[in-house]
Each structure stands twice: as C-alpha cells, then as structure tokens.
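Here's the structure we're looking at; comments come further down.
Where a number appears in this text, it was derived from the coordinates with a stated rule and is not lab data. This structure is a prediction, so every number in the text was calculated from the model and none was measured.
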C-alpha cells in the first residue's frame, strides 16, 4: 500500500484470502492510528487506477451508477483473484484521500500466524482529516425520515393548491 500524499510511505499487509474486506479495513485503520468512526471504502481499480466496484463500510443503497457491496459481506478471494490486481482504499471520504493497494504475491497461509498482519512499515501515514459529520441538533429528538413518512397514509394525503396538506 502506498500513498500519493507521502513520498516515503509504504505498508505491506498479509491477509488470509478467506477474510473479509472489513478485516483488512480494520488492520489498516489500527496500523495507521486512524479514527475508525470515519467512513471508508475499497474500490476495485483498473491498471490506470480508475474506480470500479465499491466495497463500503456501511450498507448503502445504490440508485444506479456503479455497484456497491458492504465490505463485511465479501471475502477478499471473491474479488481479488490474481497478482497485480489493484484496489483503491479511500480512507477519508470527505476529502477523497486514498491509498493505492496492489496484490504483489500469493502464498499459502503460515501455521500459527493470525491474519491480517502488517509485515512492512516505512514512513509516516498521511493525516486523516478531523472533519466530523454531526447530524444531531441540540434539543431535538432524533427522528428518522422513514418514521415521519410512515405516519402518513399516502393515499389519503392530498396537497392543497397553496402547497399545504389541504387540512389547514
């Protein structure tokens, strides 16, 4: 794994191909000392590092566009099959900061080793932004939009000519 933000940065990770992308995400986050509460995604990448299929930290419904899959639901060997396959790991969604990952080699697992592990570490990682999305509003209960819409029967809800619900 390398970074375009840091000239002297490299990490080698060994993973069991039966592990999920979420397990790889966790070792990267822990190894780099990042805040794991921030969103992150893996993307399959072509030889020019163009993004393809997205593996997300949380299950996100997709209305068209490229497919997304929760990273905890897919094993690495289901997506990455051979040497030189590439992934982008977007560790900071708000700023689109990414790492470049490439499968260098495939070995049988070593007995007694608990995977995933970091086997090489050179340089300091780039800083993760500290931008936090705080969707809470002080003094207001958290209400989900779906809960609000569930309170209304869409067949009996009509709009008046003035944009109100017609009952006012």
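Take every DSSP beta bridge whose two residues both sit in region 2-122; close to 90 percent of them are antiparallel. Projection of the Cα convex hull of region 67-118, averaged over all directions and equal to a quarter of that hull's surface, yields 5.0 nm².
Summary value for region 2-122: 36 percent relative contact order, contacts being C-alpha pairs under 8 angstrom separated by 6+ residues.
With kT/(6 pi eta Rh) evaluated at 25 °C and eta = 0.890 mPa s, and Rh the Kirkwood radius from Cα pairs, region 2-122 diffuses with a coefficient of 165 µm²/s according to Stokes-Einstein.
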